[in-house]
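Enquirer: One structure, pasted below without further comment.
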Amino acid sequence: MKSPLLSLPGAVPGEGTDEGVAAHYGDLFREQRALADGTGFVDLSHRGVVTVSGADRLSWLHLLITQHVSELPPGQATEALILSAHGHIEHALYLVDDGETTWAHVEPDSQGDLIAYLESMKFFYRVDVADRTDDYAVVHLPAGSITEAPEDTVVRETPHGRDLFLPRARLTDFAEASGPAIGALAYEALRVEAHRPRVGLETDHRTIPHELGWIGSAVHLEKGCYRGQETVARVQNLGKPPRRLVFLHLDGSEVTLPAHGAPIRLASEGEEGRQLGFITSSARHHELGPIALALVKRNVPVDAELIADSTAAAQETVVEP
């Protein structure tokens, strides 16, 4: 879905996962600084929007997702995962309930598969699942923003800012009143800085929540049964995850950033050494320079100097080995 805000001055279209919205509006670092200072907004209208309504919505969702939501108060934001039977991450849902409907935004173009799964699990529960992506656009206001959400807009407020479920027809008017517009690259740079994982980038077909630090924030360890819970409990109680998320400071002399999937190796072994992991996300930060997140084997020493392709990388621990 192509955002109408791509017509704003200076807009450069995003690519890959963030195709459909602006990557930036002409000045990446200015946009990052504005976002860090709590001004402007980010157009995330390419993300999927799913709602669940009906009297049983919270108790039903509680059975399917990794988060405790059976008594979720209206207006309280949370996040949750849907796992495979083997405990691998399939979806991340960013949730809020307005007292009558549970709203979630999800990765672009993933809502179809999510809704198909939810529909298959309805049984006799009084719930209605709907794809609202055509009707609602997600807009992010950074922490500290004094911009007021339009009346009757569902708001999901977190320590990182507010996510608005804005009627798509009002997106252009909102942009005119709430600028400056900030591109997805600035938003992603601050996400990487905050070590926040993203499905499809930090995950592959075998990622489990422990590897990304999602235990606690998106996975509640004391709730009832859900698909994949056995793997979560076993790793939590009896073992360690095979991989761990790390934050990387990259060599700033390199012209290009290592791409998603770029191999991670020990610097001491060089570019022909054993692959120990891969880059998941990389960005240019307005203060830190080039940075990245990577998924590496758990036994990689926390003080080891690494290389991503040929780029030197110093690591910071995100998930303890």
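Enquirer: What do you reckon, is Leu293 farther than 20 Å from Gly87 by Cα and either within 23 Å of the chain's Cα centre (by Cα) or not basic (Lys, Arg) (or both)?
Expert: Here the answer is yes, as Leu293 does meet what is asked.
One line per residue, one yes/no per condition, for (1) under 18 Å from Val21 (Cβ atoms); (2) without any contact (Cβ under 8 Å) to a residue 12 or more places away in the chain:
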{"residue": "His91", "(1), (2)": "no, no"}
{"residue": "Leu114", "(1), (2)": "no, no"}
{"residue": "Glu119", "(1), (2)": "no, yes"}
{"residue": "Tyr136", "(1), (2)": "yes, no"}
{"residue": "Thr153", "(1), (2)": "no, no"}
{"residue": "Ala177", "(1), (2)": "no, yes"}
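Enquirer: Follow-up question, since we're still on this one. Based on this model, can you work out whether Leu164 counts as free of Cβ contacts under 8 Å to residues at least 60 places away in the same chain and under 29 Å from Leu58 (Cα atoms)?
Expert: So Leu164 passes the test.
Enquirer: Among the numbered criteria (1) free of Cβ contacts under 8 Å to residues at least 12 places away in the same chain; (2) among the acidic types (Asp, Glu); (3) touching a Ser or Thr at 6+ places or on another chain (Cβ under 6 Å), which single criterion is violated by Glu15?
Expert: That leaves (3) as the condition not met.
Enquirer: To continue, here is another question. Condition check: more than 25 Å from Pro321 (Cα to Cα) and either acidic (Asp, Glu) or open to solvent by less than 20 Å² (accessible area, probe 1.4 Å) (or both). Does Ala186 satisfy that?
Expert: So Ala186 passes the test.
Enquirer: Turning to a different aspect of this structure: Of all residues in segment 301-317, which are among the β-branched types (Val, Ile, Thr) and buried (at least 19 other Cβ atoms within 10 Å of the Cβ)?
Expert: Selection gives Ile307, Thr311.
Enquirer: For residues that are in a loop (DSSP other than H, G, I, E, B) and touching a residue at least 24 places away in the same chain (Cβ under 8 Å), scanning just segment 123-134, find the one that is surrounded by the fewest Cβ atoms within 10 Å (Cβ to Cβ).
Expert: Ranking the qualifying residues of segment 123-134, first place goes to Asp134.
Enquirer: Condition first: open to solvent by 60 Å² or more (accessible area, probe 1.4 Å) and among the acidic types (Asp, Glu). Can you find one or more residues in segment 217-225 that meet it?
Expert: yes
Enquirer: Residues in segment 274-287: is at least one among the basic types (Lys, Arg), over 30 Å from Tyr187 (Cβ atoms), surrounded by fewer than 16 Cβ atoms within 10 Å (Cβ to Cβ) and in contact with a strand residue (DSSP E or B) (Cβ under 9 Å, 6 or more places away or on another chain)?
Expert: Residues of segment 274-287 that are among the basic types (Lys, Arg), as a first pass: 274, 284.
From what is left, the residues that are over 30 Å from Tyr187 (Cβ atoms) are 274.
Pick out the ones that are also surrounded by fewer than 16 Cβ atoms within 10 Å (Cβ to Cβ) and you get 274.
Imposing the further condition that a residue be in contact with a strand residue (DSSP E or B) (Cβ under 9 Å, 6 or more places away or on another chain) reduces the set to 274.
Yes - at least one qualifying residue is present in segment 274-287.
Enquirer: Go through Pro197, Pro180 for me and flag whichever is surrounded by fewer than 21 Cβ atoms within 10 Å (Cβ to Cβ) and not hydroxyl-bearing (Ser, Thr, Tyr). I'd like the intermediate steps shown before the answer.
Expert: Details: Pro197 fails: surrounded by fewer than 21 Cβ atoms within 10 Å (Cβ to Cβ).
Result: Pro180 is the single residue among Pro197, Pro180 that is surrounded by fewer than 21 Cβ atoms within 10 Å (Cβ to Cβ) and not hydroxyl-bearing (Ser, Thr, Tyr).
The values are calculated or read from the model by the stated rules, or taken from the named source; none is laboratory data. This structure is a prediction, so every number in the text was calculated from the model and none was measured. Here Cβ is always computed from backbone atoms with ideal geometry, including for glycine, and neighbour counts include all displayed protein chains. Ligands, DNA and RNA are excluded from the accessible area calculation, which covers all protein heavy atoms including side chains. Shrake-Rupley method; radii C 1.70, N 1.55, O 1.52, S 1.80 Å.
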